[in-house]
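Everything on this sheet refers to the single structure shown next.
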Amino acid sequence: MSNILITGASGFIGKYLSRALMEKGHEIYALFSSNGDVSDPGTLDKFNGKVDKVIHLAASTFVPDSWQKPDEFFKVNALGTMRILEFCRNNKVPLIFISAYLYGLPDEVPTSEKELPKPNNPYAFSKYIAEQACVFYANYLNVPSLIIRPFNVYGPGQPEHFLIPTIINQALQYRKITLLDLNPKRDYIFIDDVVNFITIAVEAKLKNAEIINIGSGVSYSVAELVKIIQKIAGTNLPVVSKNEVRFQEINDVIANIDKAKLMFNWSPEISLEKGLTDCFLYAKERINP
């Protein structure tokens, strides 16, 4: 069993991951946003000598906000990761870094790790710089790392401004479902599958810097999500699209997950309908306990 520092432990993935790793017998040291800014020098000092692995989740993540505050996203996501890497270097421990989808408009779909990153928003750019720092530290400063690129993670308890909670809340509380654009297709991966991969990766002996996609290998449009959610909810509400195409929108995103299957013997287990059902029941209980 390991002593593991998890940054961003109070976030959506962090809560699930902390619980899963504790259930497996690992000792968890948690850094919350409320008790330390990961980009500030000294924040990590209290963990010196106490951990043998780091999982770095702490980040600013909401893409629309990144266009308004790109410098803040760079500070938290890029500089914050540098602070983590220095901590790992000084404590001689490996890093599991949770990155993001960085492929922009990909040349190939499904998209593998061989695709060159093309970050097309400030959030993705900040994560790309953080990845490059991980690769540098692995190559030159003896800090091995696993860089995980999750595609569209979802699950019960996801912040309500994300797409799936937005659809579900409208299905539960309104007479129609109004969305910006019904066309974009994304690869949705359930939170339990993501956590399962990370718990497997924690046991691995890391060497150099390895990049791994985590997704379902299938994409669904917004319109298809609405249809499935309405089926689960037993509703037939009118669906209104504002036909507002987001800046730098990508029409279709699918993860090639062959590398995760080959290196870690991992495959997603939760179907989209099962995952959306869990999300719906969670939201329904919160609205009508």
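Rounded to the nearest 10 degrees, what's the angle between the helix 191-202 long axis and the longest principal axis of the chain, both from Cα atoms, 0 to 90?
So the inclination is approximately 20 degrees.
Say the cut-off is 18 Å between C-alpha atoms; which of LYS53/LYS259; LYS24/LYS127; LYS53/LYS207; LYS24/LYS92; LYS75/LYS205 go over it?
Those over the limit are LYS53/LYS259; LYS24/LYS127; LYS24/LYS92; LYS75/LYS205.
For labels at ALA30 and ASP71 in the simple 7 Å Cα→Cβ model, what's the distance in nm?
3.3
Rule-of-thumb check for the stretch 180-276: C-alpha Rg over 2.2 N^0.38 Å?
The stretch 180-276 yields a ratio of 1.32.
Let me know the Rg and Dmax you get for the stretch 12-64 when you use only its Cα atoms, in Å.
Expressed in Å, the Cα Rg and Dmax of the stretch 12-64 come to 12.4, 38.
Residue-wise, which Karplus ³J(HN,Hα) couplings in Hz belong to the stretch 169-178, taking 6.51 cos²θ - 1.76 cosθ + 1.60, θ = phi - 60°, and x for glycine or proline?
5, 5, 5, 7, 10, 10, 8, 8, 10, 10
So, counting K/R as plus one and D/E as minus one, what does the shell of residues with Cβ under 11 Å around LEU102 add up to?
Within the 11 Å Cβ shell, the charges total 0.
Calculate the dipole size of the stretch 110-188 relative to its Cα centre from +1 charges on Lys and Arg beta carbons and -1 charges on Asp and Glu beta carbons; express the result in debye to the nearest 20.
Value, rounded to 20: 220 debye.
What's the magnitude of the charge dipole for the stretch 55-176 around its Cα centre, counting Lys and Arg as +1 and Asp and Glu as -1 at the beta-carbon? Answer in Debye, nearest 20.
Approximately 220 debye in magnitude.
GNM, the chain, Cα, under 10 Å: largest mean-square fluctuation among SER221, SER33, SER241?
SER241
What does the convex hull of the alpha-carbon atoms of the stretch 1-153 project to on average, in nm²?
Hull-based average projected area comes out at 9.2 nm².
Considering the dipole of the chain built from charges on the beta carbon (Lys and Arg +1, Asp and Glu -1) around the Cα centre, which of PRO119, ILE254, GLY8 is farthest to its positive end?
Farthest towards the positive end: GLY8.
Nearest 0.05, what FRET efficiency do LEU180 and PHE136 give at R0 = 35 Å with Cβ-Cβ as r?
With R0 = 35 Å, the Cβ-Cβ based efficiency is 0.40.
Can you give the Rg to Rh ratio for the stretch 118-175, taking only C-alpha atoms and Rh from Kirkwood?
1.22
Quick one: ILE177, ILE168, ILE84, fewest Cβ neighbours within 10 Å first, how do they rank?
By the 10 Å Cβ count, ascending: ILE177, ILE168, ILE84.
Using a cut-off of 26 Å between alpha-carbon atoms, which lysines can reach LYS231, once sequence neighbours fewer than 8 places away in the same chain are excluded?
Here the lysines satisfying the reach criterion relative to LYS231 are LYS176, LYS185, LYS242, LYS274, LYS284.
Do you know the relative contact order of the chain, to the nearest whole percent, from alpha carbon pairs under 8 angstrom that are 6+ apart?
That works out to 18 percent.
Give me the compactness ratio for the stretch 240-289, meaning the Cα radius of gyration over 2.2 N^0.38 Å.
For the stretch 240-289, the normalised Cα radius of gyration comes out at 1.76.
Tell me, what ³J(HN,Hα) does each residue in the stretch 180-189 have, in order and in whole Hz, if you take phi through Karplus 6.51 cos²θ - 1.76 cosθ + 1.60 with θ = phi - 60° and put x for Gly and Pro?
Working through the residues one at a time gives 6, 7, 8, 8, x, 10, 9, 9, 9, 10 Hz.
For the chain, treating each Cα as an identical point scatterer without solvent, what Debye log10 I(q)/I(0) comes out at q = 0.09, 0.12 1/Å?
Debye output, listed in q order: -0.43, -0.77.
Please report THR43, THR235 as a ranked list, fewest other C-beta atoms within 10 angstrom at the top and most at the bottom.
Least to most surrounded, the residues fall as THR235, THR43.
I'd like to know which of VAL135, ILE84, THR166 lies farthest towards the positive end of the charge dipole of the stretch 77-231, counting +1 on Cβ of Lys and Arg and -1 on Cβ of Asp and Glu.
Going by the charge dipole, the pick is THR166.
Could you order the peptides 201-209, 145-153 from most to least packed, using the average number of other C-beta atoms within 10 Å per residue?
Result, highest mean Cβ count within 10 Å first: 145-153, 201-209.
With +1 on each Lys and Arg Cβ and -1 on each Asp and Glu Cβ, how big is the dipole of the stretch 1-122 about its Cα centre, in debye rounded to the nearest 20?
360
For the chain, what is the calculated [θ] at 222 nm in deg cm²/dmol (nearest 500), taking -39500 (n - 2.57) for each run of four or more DSSP H residues and dividing by its residue count?
-11500 deg cm²/dmol, from helical runs alone.
Just so you know, all these numbers are worked out from the coordinates, no wet-lab data involved. What you see is a predicted model; the values in this text were computed from it and never measured. Neighbour counts are summed over all protein chains in view; Cβ atoms, including those assigned to glycine, are modelled from backbone coordinates with ideal geometry.
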